[in-house]
Amino acid sequence: MDTDMMRESADDALINGAFQQLLDSYLASRHRKKVDIITKAFNFAKQAHKGVRRLSGEPYIMHPIAVAQIACQEVGLGSTSICAALLHDVVEDTDYTTEDIENIFGPKIAQIVDGLTKISGGIFGEQASAQAENFKKLLLTMSDDIRVILIKICDRLHNMRTLESQPANKQYKIAGETLYIYAPLANRLGLNKVKSELENLSFKYEHPDEYESIKAKLASTEASRHELFDQFTAPIEEALRHMGVKYQIKERVKTPYSIWSKMQNKHVTFDEVYDILAVRIIFTPENRDMEISECFKIYVEISQIYKSHPDRLRDWLNHPKANGYQALHTTMMSKQGRWIEVQIRSDRMDEVAEQGFAAHWKYKDGMEKEFTEDETELNDWLRTIKEILDDPQPDAMDFLDAIKLNLFATEIFVFTPKGEIKTMPSGCTALDFAFSIHTFLGSHCIGAKVNHKLVPLSHKLQSGDQVEILTSKSQHVQESWINFVSTAKARAKIQAILRRDSRETQRLGEEILSEFLHKNALQDVPNAADRLAEFHEVRRREDFFQALGIKTILLGEKDIDELQGKNSGNKHGWRKLVPFLGRGNATKKDNDQQQELFTVPEKFNRKKPIFITDDNIRQYKFKPCCHPIPGDDILGFIDGKHQIEIHKRACPVAAKLKASFGNRILDAKWDMHKRLFFDATIRLQGIDRVGMLLDIAQVISSQMNVNMHKLTIGTNEGVFDGTIEMRVHDREDVKQIIDQLKKIDGLQDVTQIM
């Protein structure tokens, strides 16, 4: 009994300390001081969650307090949001209802709590995409009150900070959906610090070794970075003092996640990421109306000290990003011969950059207020969301893609023939622009004039382009258009028109199948369409009928054999599923045994990792999307047939699976002993010379004793570019080969490709 009392006393001290810290943060903010209602919400939530603990062992109430703390201190929200954050799990996890919350705390807090409950509530079947459905709800509730989404992001940030107590498969699921949904959402809302932390934490759990490696490299280069920063900023500070500007200069270091992303996308090493360091100049303007011109004055002054890069001036002052971000970015050459990005912004711009829309109210007529129903900054965004939701997507993962395509892209500015400015996502085409103006214009578009020059529909637009759309009544929507449009609106409209057109083609396909079955006396075979769709590797029967209708699939003898059960073994060739080879020649009997895929039983423990060994590797599906080999960070995914696919954790297909089917993700680990060989491809670039090929072959075949089975190299004006396909045991082999190749004179770049 004494132990229980001591534990309760320790819990109370912990809880009260955390709440006091929340109050202190709130009292230090610029909000009206409504301490009474916050205390009331705290006491209510504390009582409601009494006796409940989190997986980490701490009292459950610590989670709502932490979410409220993030909402207050890091996002800059006020009393209504803090109360809603404290109460956000009460309706879902206890017997209290939204009506109870409304009676005690009023309609506004109840509305936000109800929105948060709708996002996390709901029962989804095994086949349903729980996260996509949740996300749909989340977006629907946003239009009622933007604070719902802001608090949801705070909730996700605290869950990520405490992810350590979760099993590995849950960690991959939560980290995956965070990277796929919540980090871009935080970015769109201008929550830069929150976005960076969400990305970083996701990276830490998905790729722990790479995360620690980059952290260690950042720590080891910290002293030289500080020295470079001090040397670079000393003359800038002198110039700013001379101008009489009230300023502060901050050192911004790229996060491990953004460094890793750049290393992956650009195929560079840590040492080749040039913009790890950036300099941020934050000033307080004498007159708020003059802050943009003051930014440019500072830019002009520092360009007398350093030469700026002509192609890297980014003016986000006159054209703020859709998330409200404003700043002037320039890249300057330091005296040490390094390009360094300089960001110039006012204190208001800095606060908006860190806290996003939540910071806007602070600068509106000097009034202290929270968000109101007439908040206008997000109207365009919410309108886009409603357009997407109005067109029901047949697949939840398509919905996620549509949201990401349209909402999370960076923006460009495009002009109409009359000089009106339109904001479009980066990477959009002339056809996207046509659909953004009107569906009729898009569906009858034959081309465009960009800056008075004729271009095709697929032409990618640049910021500042003037675009005139050309149409013809005889033009019809083409299926190939889907391959190059990039906005959600264009894609949704094209798909809707194609679906309408394809119904007729599908009906024709059904007739062709019916006639084929009747002709071969197979009309009584059950599920014939589904079996043949699977046989031709078509995911849905609708697509199968479509393919029959347009004659990209022709039915014949093999289809008859399939329906009569005469096709034996693996009809598509085992090598498509498993990109590896064993030593020596296996017997047919061995192959038949190896081809049996593991089927997940009903009472399978999904929290435990699966171990892939030399003996059981053929029981799993290795999809061609990411080609994992031993040493890669991997995960398992239970597919619709209850078999397990293996993907790299960084694979784009896995990213969708984590966000949409998180309950089917498994932790997977390698337990291999260099008995099997796997295919790996590396790319070589360099300066050509006599004997180069011989040196490369010498390293791979003689020095490393590796079997090359394909070599492709082309030269152009003394520069060569090529690929080598080889058989290796694991990722470590690839690393050693790359390290040895880099020592060859004239080889400039050696990277692994999928």
I'd like to know if segment 270-292 contains one or more residues that are open to solvent by 20 Å² or more (accessible area, probe 1.4 Å) and under 19 Å from ALA216 (Cβ atoms).
yes
Can you find, within segment 463-520, the residue that is nearest to ILE437 (Cα to Cα) among those that are of a type in the set (Phe, Trp, Tyr) and part of a helix (DSSP H, G or I)?
TRP481
What are the residues in segment 411-438 that are of a type in the set (Asp, Glu) and open to solvent by 70 Å² or more (accessible area, probe 1.4 Å), if any?
GLU420
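Can you give me the number of residues within segment 28-38 that are out of contact with any Cys (no Cβ under 7 Å at 6 or more places or on another chain) and either closer than 30 Å to ALA168 by Cβ or open to solvent by less than 50 Å² (accessible area, probe 1.4 Å) (or both)? Steps first, answer last, please.
As a first pass, look at segment 28-38 and keep what is out of contact with any Cys (no Cβ under 7 Å at 6 or more places or on another chain): 28, 30-36.
In the following step, the residues that additionally are either closer than 30 Å to ALA168 by Cβ or open to solvent by less than 50 Å² (accessible area, probe 1.4 Å) (or both) were identified as 31, 35.
Residues meeting the conditions: 2.
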Subset of segment 694-706 [assigned to a helix (DSSP H, G or I) and over 11 Å from LEU741 (Cα atoms)]:
LEU694, SER701, SER702
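Given the criteria open to solvent by 50 Å² or more (accessible area, probe 1.4 Å) and under 26 Å from GLN166 (Cβ atoms), does PRO628 qualify? Give the steps one after another, and end with the answer.
On the way: open to solvent by 50 Å² or more (accessible area, probe 1.4 Å): no; under 26 Å from GLN166 (Cβ atoms): yes.
The answer is no for PRO628.
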Selection from segment 101-126 of residues that are open to solvent by 50 Å² or more (accessible area, probe 1.4 Å) and modelled with pLDDT of 85 or more:
GLU102, ASN103, ILE104, PRO107, LYS108, GLN111
Residue, most open to solvent (accessible area, probe 1.4 Å), within segment 598-625, restricted to residues that are at pLDDT 85 or above and hydrophobic (A, V, I, L, M, F, W, C):
PHE611
Please count how many residues of segment 39-86 are part of a helix (DSSP H, G or I), farther than 29 Å from ASP350 by Cα, open to solvent by 10 Å² or more (accessible area, probe 1.4 Å) and of a type outside the set (Phe, Trp, Tyr).
7
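Yes or no, residue by residue, for (1) under 28 Å from HIS207 (Cα atoms); (2) out of contact with any helix residue (DSSP H, G or I) (no Cβ under 8 Å at 6 or more places or on another chain):
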| position | (1), (2) |
| --- | --- |
| PRO235 | no, yes |
| ARG241 | no, yes |
| LYS246 | no, yes |
| VAL253 | yes, no |
| TRP260 | yes, no |
| MET263 | yes, no |
| ASP271 | yes, yes |
Exception for GLY447 within (1) open to solvent by less than 20 Å² (accessible area, probe 1.4 Å); (2) closer than 30 Å to ASN323 by Cα; (3) part of a strand (DSSP E or B) falls at (2)
In the set GLU537, GLU511, which member is more than 30 Å from PHE440 (Cβ to Cβ), open to solvent by 100 Å² or more (accessible area, probe 1.4 Å) and at pLDDT below 80?
GLU537
Tell me which of these LEU431 doesn't satisfy, since it passes every other one: (1) closer than 27 Å to ILE550 by Cβ; (2) aliphatic (A, V, I, L, M); (3) free of Cβ contacts under 8 Å to residues at least 24 places away in the same chain.
(3)
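Go through segment 290-341 and count every residue that is assigned to a helix (DSSP H, G or I) and free of Cβ contacts under 8 Å to residues at least 24 places away in the same chain. Please lay out each step first, then the result.
Start the filter on segment 290-341 by keeping residues that are assigned to a helix (DSSP H, G or I), which leaves 290-302.
Applying the additional criterion that residues be free of Cβ contacts under 8 Å to residues at least 24 places away in the same chain yields 290, 293, 300.
So the count comes out to 3.
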Can you confirm whether segment 193-208 contains a residue that is more than 21 Å from GLN264 (Cα to Cα), over 15 Å from the mean Cα position of the chain (by Cα) and among the hydrophobic types (A, V, I, L, M, F, W, C)?
no
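Residues in segment 482-492: is at least one open to solvent by 30 Å² or more (accessible area, probe 1.4 Å) and free of Cβ contacts under 8 Å to residues at least 12 places away in the same chain? Let's see the steps before the verdict.
So in segment 482-492, the residues open to solvent by 30 Å² or more (accessible area, probe 1.4 Å) come out as 482-484, 489, 491.
Those left that are additionally free of Cβ contacts under 8 Å to residues at least 12 places away in the same chain: 483.
Yes.
Could you list, in sequence order, the residues of segment 712-725 that are out of contact with any Asp or Glu (no Cβ under 8 Å at 6 or more places or on another chain) and not hydroxyl-bearing (Ser, Thr, Tyr)? Explain how you work it out, then say what you get.
Within segment 712-725, the subset out of contact with any Asp or Glu (no Cβ under 8 Å at 6 or more places or on another chain) is 712, 716-717, 721-724.
ASN716, GLU717, ASP721, GLY722, ILE724 - these are the residues of segment 712-725 that are out of contact with any Asp or Glu (no Cβ under 8 Å at 6 or more places or on another chain) and not hydroxyl-bearing (Ser, Thr, Tyr).
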Hey, can you tell me all the residues within segment 465-477 that are open to solvent by 40 Å² or more (accessible area, probe 1.4 Å) and modelled with pLDDT under 85?
LYS473, SER474, HIS476
Just for helices (runs of 4 or more DSSP H) wholly inside segment 180-251: which have at least 1 residues that are at pLDDT 90 or above and open to solvent by 40 Å² or more (accessible area, probe 1.4 Å)?
192-206, 208-220, 222-243
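The values are calculated or read from the model by the stated rules, or taken from the named source; none is laboratory data. A quick note: this is a predicted structure, and the numbers were derived from the prediction, not measured. Heads up, the Cβs are rebuilt from the backbone with ideal geometry, glycines too, and the neighbour counts pull from every protein chain shown. What goes into the accessible areas is simple: the full protein's heavy atoms, side chains included, and nothing from ligands, DNA or RNA. Shrake-Rupley method; radii C 1.70, N 1.55, O 1.52, S 1.80 Å.
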